[in-house]
Amino acid sequence: MFEGKAALVTGSTSGIGLGIARELARLGANIVLNGFGDAREIESLRAGLAESAGVAVAYDDADMSRADAIERMMARAIGEFGAVDILVNNAGVQHVAPVDEFPPAKWDAIVAINLTAAFHTTRLALPGMKRRGRGRIVNIASAHALVASPYKSAYVAAKHGIAGFTRTVALEVAQAGVTVNAVCPGYVLTPLVQKQIPETARARGISEEAVVRDVLLAAQPTRKFVTVEEVAALTAFLCGDAAASITGAVLPIDGGWTAQ
Ligand code: NAD
């Protein structure tokens with residue numbers, strides 16, 4: 001399906017991003033991985049993916065909070081693969097605290113990584129996409145792009161921002177063969193969510209078990225976590241030809257959370 005195409009997935013050394021990279025590779029795309037982690041583990045991930053999917057896989061350690069690092073990564077991806085045909089803006093971080101206790105450095109990092117990074121990758125990917133008359137940009141937003149929860153002011157602000165950015169860019173490139181969409185998962189049990197369980201327990205003064213039952217899964221009528229594979233499949237669909245008329249969409253995949 002994506003043979004000969006190059007897909008860059010930010011934050012793809014873990015969780016949802018890794019699932020998306022695996023799915024796009026399985027469907028034939030060459031992959032640029034990005035994200036943090038142990039260098040040896042990342043190299044074995046990179047080599048394993050290349051081997052199992054039979055595609056080329058590169059890794060770039062760009063810090064998504066830094067415009068200069070993003071510029072280097074995009075130039076390298078375009079240099080190595082000739083193009084970025086599919087861009088998935090997935091890297092994200094979270095911090096849970098009341099707004100009047102929210103550390104300003106955490107606010108800045110969340111907005112930089114979850115929102116501003118997508119501006120930089122998008123502005124650098126678009127000229128090539130427009131030249132080729134085809135491109136796919138998928139922003140991994142969140143149910144928190146559509147609704148709020150207490151103690152997540154920076155995250156909710158950044159995710160609402162990415163929804164607006166998605167719609168704006170979709171309008172700008174609607175006639176250029178480029179689609180831009182946001183995928184809005186509910187809770188997926190990745191390291192990002194595992195880390196916020198104790199933080200939320202502290203902020204709300206309840207046990208960790210109560211956070212899972214009464215805060216996380218209580219939000220989702222299915223009472224189930226969304227899976228990485230489900231988010232990856234939706235993302236891959238949006239990258240395909242059948243999704244050519246889906247653009248500017250902010251799509252929930254949240255077990256019914258935002259239907260309430
Ligand atoms: P995760 O913590 O498992 O993965 C995050 C990835 O981003 C990792 O690869 C990490 O190394 C990378 N990353 C973090 N900071 C970075 C930086 N400065 N530069 C480059 N890479 C960086 O988290 P996840 O749950 O897989 O989250 C992925 C995306 O999905 C995020 O944007 C998150 O907001 C969104 N999301 C997650 C959930 C959920 O329930 N897990 C729900 C909705 C949306």
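The values are calculated or read from the model by the stated rules, or taken from the named source; none is laboratory data. This is a predicted model, so every value here is computed, not measured. We place every Cβ from the backbone using ideal geometry, glycine too, and count neighbours over all the protein chains shown.
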Single unsatisfied condition, ALA249 versus (1) within 18 Å of GLY92 (Cα to Cα); (2) under 18 Å from the mean Cα position of the chain (by Cα); (3) not charged (D, E, K, R): (1)
Positions within the stretch 200-214 being touching a helix residue (DSSP H, G or I) at 6+ places or on another chain (Cβ under 6 Å) and touching a residue at least 12 places away in the same chain (Cβ under 8 Å), in sequence order: THR200, VAL211
Residues located in the stretch 144-165, provided they are assigned to a helix (DSSP H, G or I) and within 13 Å of the ligand (Cβ to nearest atom): HIS144, ALA145, ALA154, TYR155, VAL156, ALA157, ALA158, LYS159, HIS160, GLY161, ILE162, ALA163
Failed item in (1) more than 14 Å from SER12 (Cβ to Cβ); (2) not in a helix (DSSP H, G or I), with ILE78 passing the rest: (2)
Selected residue [surrounded by 17 or more Cβ atoms within 10 Å (Cβ to Cβ) and part of a helix (DSSP H, G or I)] from ALA242, ALA201: ALA201
Those residues of the stretch 13-32 which are surrounded by fewer than 24 Cβ atoms within 10 Å (Cβ to Cβ), hydrophobic (A, V, I, L, M, F, W, C) and under 14 Å from the mean Cα position of the chain (by Cα), in sequence order: LEU18
Which numbered condition LEU216 fails, given (1) more than 15 Å from the chain's Cα centre (by Cα); (2) within 14 Å of the ligand (Cβ to nearest atom); (3) over 21 Å from GLN260 (Cβ atoms): (3)
Matching residues in the stretch 181-205 - criterion: being at pLDDT 95 or above and β-branched (Val, Ile, Thr): VAL183, VAL188
